[in-house]
Structures are given as structure tokens and as C-alpha cells.
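This report refers to the structure that appears directly beneath it.
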Amino acid sequence: MMEMVLGTGQQQSVRTVVGLVEKHLRRTQGIPRKVSAHSELLTVTAERPEFKGEFQNYMLRIRTNEKTGQALKALADEHPERCSVHLENSVATIHCPPVGGTFVPETLEMVDRLCGCLKLPEVWRAQGENYRVDRVSTELLFQAMIQYRASDVHLSPGVNPVFRIDGDTHHSELMGSLSSVQILSLLKEIAPKEYWKEFEDHKQTSFNYHQVGMGHSRVSAFIKAGAPHMTFRFLPEVIPSFEELCIPTDIMTRLANLARGLLLVTGMTGSGKTTTVAALVDYINSHKAMHILTIENPIEYVHVNKKSVISQRSLGTDVATFNDAVTGALRHDPDVIVIGEMRDPDTIRAAINAAATGHLVISTLHANTASEVVNRIVSFFNPIERDLVKLQIRDCMRCVISQRLVPKVGGGRLPALEIMFNDVKAIGDGITSGDSDLIRIGMQQTVSHSFIFEQYIYRMYKEGKIDLDHAREYATDVSTLDQLLLGTYSVPRLDSIKSRSDH
């Protein structure tokens, strides 16, 4: 195990030192049953029979002078059943309880009394041993995720598995705390060889894992403060339908029937973007005879051929970069290209070109609202390119879906949507000028099929699906929601942008 250097300050007993070391090890390696700490003159080893409670067996080896050695020996001789001291060549070896002896609570008091004869060092080199090594069952992890209806589970040394349920984290009461040994063993067991090597070389990796009959998972592993951490994101084997996701079927089927152009699903991390994209792809796969090509890092939802032929390519394994994959995709006769995430200028440029040449391109982007997507995309490019990129987006963009998961009355979460169709001049003009306010106003015009978060959240509240506090919390503009609630909302005029700028 990795040795650490720890400054403990001036302590009166090695029991306190061991406690401080154990606390630090718990955060980085897990809970040890044995702790060793040493300085130039003193070595301490403490052991316990379980992964909790007091350390019961102490061994100290210290270089000392004759006077201190004799004082330690005299103290031990008063209670031979609690400890023993052996002196040899200016080295005192202390065992509490004696070798072969039995631990009693008074043994710990004896450790403290013996330390009263010593001046303990302030800096220690320490390490732990005898961590939990029993195998972590992926089947039990998946069973727990299904039982808890969890979206994720986090594995970290020294704590019980942490499940994310309805957006909140909960420590498992069914599974005990894990060690770094267990987490590394689990990762090595389930990671394909190339991803285990990636983890060894770069201290992080991400891949898809399939628990047959239960589900898939996107596994992410990384090193934090020298300790391994793993996250499993649960992905069901059966891809949920629009109805099961509680998103408008009429709108989603209309989008799935688009023949060409760029369709983006946006939102913050954990907002359900990947699941919405998977549902769109599954609908196309089930209803159209097409070639669907996906490019993901890693592959998350696993699709099978239905009415369409579907080709899923994994970054790193099947192709080097998103840009290479999208550029090469045009030679693979696709009808639909799905890009896991728009994350760099080359990928975005290739996606726009693919959409402009007659393909339907579906991708995701981190953005909080639909109206800010254009500026988010443009921000990836050098200023000299931005005007051209905005023109290209205006011509190829068909729709932006933005979503947030809102706590539902009675438990669980429901998606709240904001949808921007590029179907009115104001939206097109806003894209060209990069004016998010104009895009948002265009989305509210009655001639557009678009709608903003506040309109969707208001409807969810009126239908009793969410409460007022959460409606207000998840609205982009609370004043707009308040107008809807009071019945005073009116569609903003297009010239309001100009009138505000004049003032």
C-alpha cells in the first residue's frame, strides 16, 4: 500500500496518532484492520479483528536511553497481563497485550501510560494494511440500482456505495464500505483490456458494461487524491418509449420523422439528454428502413437492428476522434448520424456539414436553455469564423430540445421541456445575429411551434404533476411564470428588443 506522510502535531499517546492515521486512510484507501506508522526513532503497529471499533493490539519499537527503557520495563512489570517490554541494544520493544495474551479494555489504558514516558514525534510515515478484499458483485450493484430506482451509483474508498435517486445522493444501508483494493479489483475485472490500460496510463477511463438481463451501464473510473473512484450510470436493456419518458409523443414523432438537418438535445449533466436521444433513435429504428450511424464515447444505450440497420461506433475502439468518425460517416451511406456530444470545433463543423448535405444529425450539448445554444456553439470557434458558423446553423438547424428533470408530486422526477423550432423569421434572425433574447422572443410567437420552459412548467403545475415551489425553482424566468399563473402573460412584441436597446 502507498505510504503517506502525516503531520499529527504533538500527541500524548500513539492511540491518538493511530486514530488520525486511520481517519486519513479511510478517505483514500478504505478502512484498514492494521495501521503502521514510523519515524526515525519510533515504529508503531496497531491491529484490530474487525473493520470497526478500537485497535486492540499495539506493538511499539523505540530507540531509547537506559533510563527511559528501565521506566518502561518497570511499568510493564506491574501489569504483565496487559503488556510486555523487551530491552535490547537501546531498543525497547513493547507489546500490548503481550504476545499470546488476551485483550482487555484496560490494555488501552496501559498503552497511554507507557506513552507518558515518551516524547512522540510530530511527523509520521504511515500506511494501512488488511483492507477488505472480498469481491464486489456487479449483479448486486445492478439489483440495488433497480431496487432503489437509482440513476447512478458511486463507489469510493471508506464509504458505503452512494446511489443517486431522483437527483439526490443516498448512502446504501445494504452494502458496507469499500476499500481501494476492492474498487481496483472490480475495475480490472469488468474493464476491457484497452480501457484498463487507459486507466493505468492516464488515471481515468470510461466504457460500457452489460449485466445480462438487468441492464447496461456507462462506467467511469478515475483517481482522486490518490484513491480510485468508480461511477456506474444505469441504462436499461429496453430503451424507454416517449410515453414512458413522459415527453410529448406528437412532438417527438414529428422530430423523429425529420428527413435532414441538425437536431440538438441539450441540458445540464444528468438531465436525461442521452435517454431522450436513445428514444428518438429507437423510434426511427422501429418505424423506418434506414441506416443509423452512432458515434459515442463510450456507447451507452445498446440498439439492435429493427426496421433500420444501426451501426454503433465507440470512440477509441472503433475510431480515433469524433471528427474522423463524422467525416468518415458520409462514406458509409447513413441516413441518420448520431453524435454523442458536440465538444469541439472540428466535430461541430463536421456535424453542420453532414446536416447541410442531406443527413439528419442528432447530437447533445451542455446548455441550460434552447435560446443560448447558438452562442454556446459559436463560442467554440475563433472570432473570425463565428459569423459564418451562425449562418450555417441558421440554414441547417431544425430544432433544439432543452430539458430539466423536475421533482414530481409523490416522488420521482419528470422532464420539463423547452423546444425551439427554427420556423419563424425572428428565430432565424436571432441565430444569425447571435441574439439569445430575440430567439427567446421568437419562440413565444403564436406562429411558432416553439415553447419556453415556463409555458411547459406552468402546464405541469396546472395538471398537478409538480408543486409551485419546484415550478418556480426550475423556471428560467420566474416573472414569466408568475404572469402565466396570474393570467397576465402576453406574447412579447418583436420590437421590444429594439425598444429596450433604445433605452
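The values are calculated or read from the model by the stated rules, or taken from the named source; none is laboratory data. Please read these numbers as outputs of a predicted model, since none were measured by experiment. So basically every Cβ, Gly included, is an ideal-geometry build from the backbone, and we count neighbours across all protein chains shown.
Selection of helices (runs of 4 or more DSSP H) fully inside the stretch 393-503 by the criterion of at least 1 residues being charged (D, E, K, R) and not assigned by TED's automatic domain parsing to the domain that holds residue 275 returns 453-462, 468-474, 478-486, 496-502. Just so you know, in the stretch 239-291 the residues that are of a type in the set (D, E, K, R) and in a loop (DSSP other than H, G, I, E, B) include one that is farthest from residue 152 (Cα to Cα), and it is 260. Cβ-Cβ distances below 6 Å connect the following pairs, each with a first residue in the stretch 458-484 that is of a type in the set (Val, Ile, Thr), a second residue that is outside any helix (DSSP H, G or I), and a separation of six or more residues or different chains: 466/406; 476/369. Identify all residues within the stretch 119-174 that are hydroxyl-bearing (Ser, Thr, Tyr), buried (at least 17 other Cβ atoms within 10 Å of the Cβ) and in a loop (DSSP other than H, G, I, E, B); write none if there are none. Listed by number, the residues that qualify are 131, 151, 156, 172. Residues being surrounded by 23 or more Cβ atoms within 10 Å (Cβ to Cβ), of a type in the set (S, T, N, Q) and assigned to a strand (DSSP E or B) are entirely absent from the stretch 339-353. Taken over the stretch 427-447, the criterion of being buried (at least 20 other Cβ atoms within 10 Å of the Cβ) and in contact with a helix residue (DSSP H, G or I) (Cβ under 6 Å, 6 or more places away or on another chain) is satisfied by 427, 430, 431, 438, 439, 440, 442.
Pull up the stretch 472-485, narrow it to residues that are within 18 Å of residue 419 (Cβ to Cβ) and not polar (S, T, N, Q), then point me to the one that is surrounded by the fewest Cβ atoms within 10 Å (Cβ to Cβ). Filtering first and then ranking leaves 477.
Against the criterion of being without any contact (Cβ under 8 Å) to a residue 24 or more places away in the chain, surrounded by 13 or more Cβ atoms within 10 Å (Cβ to Cβ) and within 17 Å of the chain's Cα centre (by Cα), residue 222 qualifies.
Within the group 378, 409, 374, which residue is surrounded by fewer than 23 Cβ atoms within 10 Å (Cβ to Cβ) and over 30 Å from residue 164 (Cα atoms)?
Exactly one of 378, 409, 374 is surrounded by fewer than 23 Cβ atoms within 10 Å (Cβ to Cβ) and over 30 Å from residue 164 (Cα atoms), namely 378.
Has the stretch 401-424 got any residue that is free of Cβ contacts under 8 Å to residues at least 40 places away in the same chain, touching a helix residue (DSSP H, G or I) at 6+ places or on another chain (Cβ under 6 Å) and farther than 25 Å from residue 295 by Cβ? Yes, there is a match, as at least one residue in the stretch 401-424 is free of Cβ contacts under 8 Å to residues at least 40 places away in the same chain, touching a helix residue (DSSP H, G or I) at 6+ places or on another chain (Cβ under 6 Å) and farther than 25 Å from residue 295 by Cβ.
Among the residues of the stretch 175-224, the ones that are of a type in the set (A, V, I, L, M) and part of a strand (DSSP E or B) come to 4 in all. Checking each residue in the stretch 32-70 for being out of contact with any Asp or Glu (no Cβ under 8 Å at 6 or more places or on another chain) and within 30 Å of residue 155 (Cα to Cα) picks out 37, 45, 46, 47, 49, 50, 51, 52, 53, 54. Only a single item in (1) modelled with pLDDT of 90 or more; (2) over 24 Å from residue 102 (Cβ atoms); (3) surrounded by 16 or more Cβ atoms within 10 Å (Cβ to Cβ) is not met by residue 40, and it is number (3). Among the numbered conditions (1) touching a strand residue (DSSP E or B) at 6+ places or on another chain (Cβ under 7 Å); (2) part of a strand (DSSP E or B); (3) more than 28 Å from residue 5 (Cβ to Cβ), the only one that residue 93 does not meet is (3). Residue 281 passes every criterion in (1) without any contact (Cβ under 8 Å) to a residue 60 or more places away in the chain; (2) over 21 Å from residue 145 (Cβ atoms) apart from (1).
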